[in-house]
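Novice: Handing you this structure, nothing more for now.
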Amino acid sequence: MIDEGGNIFSGIYRKWPKEKIPYPAYPFQMVRPLPLGCFSRENIVSAVSLNDLSRHLDSVIAESSDRNNPQGLVGLASERVVQEYVVQSGSEMVDFSPISGSEAMGDFVFSPNVGQTVVNRRVGSKKDGAPSYHTHTDHDALGVMRDQDGVIPVVFEVKTGKAKSAHGHLTDFLQPEQLGEKMAPLLSLFATRRAICVVFAMPDMITEQSPLQKHFRDSGGIILPLPFISSGHAVELAKRRILHAQTIAAL
């Protein structure tokens, strides 16, 4: 049995595998790009290896003041792996600089930040009258594509989860209401109801038995595996790289 959150009717893969789970429709249209390029499972499997994860782990470990969180370091390194991969393999199709500096739309401000795009929402004013903002969401990599009907924002997200609850981490992101809230400011910024949504996840987080993942794919979403064996294996690699860094520092 797979418990995917929500109410009992929309969230549980019950006794009969062919039973249709009535997840609500996503509140925007997801489209699949052609040609696939960086959106292809075969492409990322052939282009990315554990060496790339190890290289970026060494970078984030060197920059981090908290080396007691290997899972968090795996997440940061995986984001950099994906950012590097999509830009190198998709720059002919995708414009990865749609926002060159902070840009406002209504109550939201969009700001590039170390490969990501951070979305802050105005929640009031400070005592001096200056606007006060809280972080609404972020996008691990962001670009746009264009066709005869206009601009299509392209969002790449990385989900590495926790080794003991990796499936739940991905499930939260795929919920139609939550993904709709995450995407709403971006869709408003580009004045569109269309988007390309690509999720990179550890292989042990991806399953054909999940009705929610099937709903996401059937709706036009793309789920691609990070070719790093498993969440637990990546965490063990991070621990070894942390130990290596500590050994070098002690010399």
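Novice: Evaluate the distance, in nm, between pseudo-label points positioned 7 Å from the Cα of Ala191 and of His134 along their respective Cα→Cβ axes.
Specialist: With each label point 7 Å from Cα toward Cβ, the separation is 3.1 nm.
Novice: Just the C-alpha atoms of the range 27-79: what Rg/Rh do they give, with Rh taken as the Kirkwood radius?
Specialist: Value, to two decimals: 1.16.
Novice: Please work out whether the range 76-150 counts as rounded, prolate or oblate from its C-alpha gyration tensor, where a ≥ b ≥ c are the square roots of the eigenvalues and a/c under 1.5 means rounded, while otherwise a/b larger than b/c means prolate and anything else oblate?
Specialist: Oblate is the answer for the range 76-150, as a/c is 1.5 or above yet b/c matches or exceeds a/b.
Novice: Separate question: Add +1 for every Lys or Arg and -1 for every Asp or Glu among the other residues with Cβ under 15 Å from the Cβ of Asp66, and state the total.
Specialist: Charge balance near Asp66 sits at +2.
Novice: When all C-alpha to C-alpha distances in the range 58-109 are sorted into bins of 10 Å, what percent of pairs does each bin hold, rounded to whole numbers?
Specialist: 20, 30, 33, 17
Novice: Determine, for each peptide in 105-112, 196-203, the mean count of other beta carbons within 10 angstrom over its residues, then list the peptides with the highest first.
Specialist: Final packing ranking: 196-203, 105-112.
Novice: Once the cut-off is 18 Å, how many percent of the Cα-Cα pairs in the range 43-175 end up in the long-distance tail?
Specialist: 65
Novice: Taking 25 Å as R0, compute the FRET efficiency from the Cβ-Cβ separation of Asp147 and Glu42 and round it to 0.05.
Specialist: Efficiency for this residue pair is about 0.55.
Novice: Let me check I've understood the local charge: for Val114, count other residues with C-beta under 14 angstrom from its C-beta, Lys and Arg +1, Asp and Glu -1. What total comes out?
Specialist: Counting the neighbours of Val114, the net charge comes to -4.
Novice: Under a GNM of the chain (C-alpha, springs under 10 Å), which listed residue has the highest mean-square fluctuation: Glu63, Glu103, Glu79?
Specialist: Glu63
Novice: Moving on. Please give the per residue volume of the convex hull enclosing the alpha carbon atoms of the range 109-251, rounded to a whole number of Å³.
Specialist: Numbers: hull volume 25.2 nm³, N = 143.
Taking only Cα atoms, the range 109-251 has a hull volume of 176 Å³ per residue.
Each value in this text was obtained by applying a stated rule to the coordinates, not by laboratory testing. It should be emphasised that the depicted structure is a prediction, and the values quoted were computed from it without experimental measurement. Cβ sites come from the backbone with ideal geometry, for glycine too, and all protein chains shown count toward neighbours.
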